[in-house]
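**Student:** Quick one: structure below, then a few questions.
What follows is calculated from the coordinates using simple rules that are stated; it is not laboratory data. Note that this is a predicted model, so its numbers are computed, not measured. Positions of Cβ are generated from backbone atoms using ideal geometry, with glycine treated the same way; all protein chains shown enter the neighbour counts.
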Amino acid sequence: MADQNRKAEQFRALHIPGKPLVLFNIWDAGSAKAVAAAGAKAIATGSWSVANANGFADGERIPLALAIDNLRRIVGATDLPVTMDLESGYGEASEMVGETIALAIDAGTVGCNLEDSFPANGKLRATVDQVDRIRHARQTADAANIRFFINARTDVFFQRPPEQHDDAMVVEAIERARAYAKAGADGLFAPGLADITLIARLAKKSPLPLNIMVGDTTPPVSALAEHGVARVSYGPRPYLMAMKALEEAARAANS
């Protein structure tokens, strides 16, 4: 636990607005070793990648026991801090989210992503409901005496296509961030947002360090840094890149 606490503090300290932590998301122990060897400062799983690598679709369809077992092998494969994408927390009731956090901590992780949408349809949960889920996650982590980093993911920007993103959506994300921070969240993850002006506004007004996910139209990391982003994730892109390279190599071998 002392080593896990050290890693937790190390991971927390990496979230610096203007000097973002870059997380090239992985899916198993092998990919964790490869990313660590490339000079990563921390390791982060991506739920989409983990699910697909094991034959499942995203959306909490991979059994939690399998996801935790996979996490345990990842933690054992690297000396770096590891954070896990826990999707919506694997539970209808808030108490179940706390139980999921306990399993992740026991497996050696120092942080998680916890999203505010329903896995079945992607619709947003009521803020008050998500606050309760985050609060249970925080209480569980505190009871374990670890400075566990809860990255509160808001799916506000997945509710509409990027060309329809506007200031009103940023305001909603900020309001959620404030409520999540009071409940015990440590970071704000806003996937889907790519407009640099809106990103800058969210980074400035959010009470939590902002995490942006790389997409086809996302500004470069240098631009995100200039506008106050504290964390940059690559989501499923590394897995998709690796599988494309594998397919192309296999096609060449069979031609």
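**Student:** Among THR127, THR100, THR197, which one shows the biggest mean-square fluctuation in a GNM of the chain, springs joining Cα atoms closer than 10 Å?
**Tutor:** Largest GNM mean-square fluctuation: THR197.
**Student:** For the chain, modelled as a GNM with alpha-carbon contacts under 10 angstrom, which of PRO236, PRO220, PRO209 fluctuates the most?
**Tutor:** Largest GNM mean-square fluctuation: PRO220.
**Student:** Running a GNM on the chain with Cα contacts under 10 Å, which residue among LEU202, LEU86, LEU64 ends up with the highest mean-square fluctuation?
**Tutor:** With Cα springs under 10 Å in the chain, the top fluctuation among LEU202, LEU86, LEU64 is at LEU64.
**Student:** If you build the convex hull over the alpha carbons only and average its shadow over all orientations, what do you get for the chain? Give it in nm² to one decimal.
**Tutor:** Values: hull surface 53.7 nm².
If I average the Cα hull's projected area over directions, I get 13.4 nm².
**Student:** Could you work out the helix-only [θ] at 222 nm for the chain, with each DSSP H run of four or more residues adding -39,500 (n - 2.57) and the total divided by the number of residues, to the nearest 500 deg cm²/dmol? If you can, show how the numbers build up before the last one.
**Tutor:** On the way: 10 runs with 122 residues, N = 255.
Helix-only estimate at 222 nm: -15000 deg cm²/dmol.
**Student:** Restricting attention to the range 90-157, which GluC sites (Glu not before Pro) occupy a DSSP loop and are surrounded by at most 12 other Cβ atoms within 10 Å? Display every interim value, and only then the final one.
**Tutor:** Numbers: sites: GLU92, GLU95, GLU99, GLU115; in loops: GLU92.
Answer in residue order: GLU92.
**Student:** For a quick check of your reading of the filter: which trypsin sites (Lys or Arg not before Pro) in the range 57-146 sit in a DSSP loop and have no more than 15 other Cβ atoms within 10 Å?
**Tutor:** Numbers: sites: ARG61, ARG72, ARG73, LYS123, ARG125, ARG133, ARG135, ARG138; in loops: ARG61, LYS123, ARG125.
In loop regions of the range 57-146 (DSSP not H, G, I, E or B), the sparsely surrounded trypsin sites (Lys or Arg not before Pro) are ARG61, LYS123.
**Student:** Relative contact order for the chain: what percent, with Cα pairs under 8 Å and sequence separation of 6 or more?
**Tutor:** Working: 483 pairs, mean separation 54.4, N = 255.
It rounds to 21 percent for the chain.
**Student:** Using the Karplus curve 6.51 cos²θ - 1.76 cosθ + 1.60 with θ = phi - 60°, work out ³J(HN,Hα) for each residue of the range 215-222 in order, rounded to whole Hz, and write x for Gly and Pro.
**Tutor:** x, 4, 10, 5, x, x, 4, 4
**Student:** For the range 1-85, what Kirkwood radius comes out of the mean inverse Cα-Cα distance, in Å?
**Tutor:** Numbers: mean 1/r = 0.0749 Å⁻¹.
The answer is 13.3 Å.
**Student:** Now a separate question. Residues with amide H under 5 Å of PHE189's amide H, sequence separation 5 or more or different chain, H placed in the peptide plane at 1.01 Å from N; which?
**Tutor:** It is ALA152, ARG153, THR154, ASN211, by chain and number.
**Student:** Pop out the ³J(HN,Hα) list for the range 105-118 in order, Karplus 6.51 cos²θ - 1.76 cosθ + 1.60 with θ = phi - 60°, rounded to Hz; leave Gly and Pro as x.
**Tutor:** For the range 105-118, the Karplus curve yields 5, 4, 7, x, 6, 10, x, 8, 9, 9, 8, 9, 10, 7 Hz.
**Student:** Continuing with this model, one more query. In sequence order, what are the phi-derived ³J(HN,Hα) couplings for the range 223-231 according to the Karplus relation 6.51 cos²θ - 1.76 cosθ + 1.60 with θ = phi - 60°, rounded to whole Hz, with x for glycine and proline?
**Tutor:** Per residue, the Karplus-derived 3J(HN,Hα) values read 5, 4, 4, 4, 9, x, 6, 10, 7 Hz.
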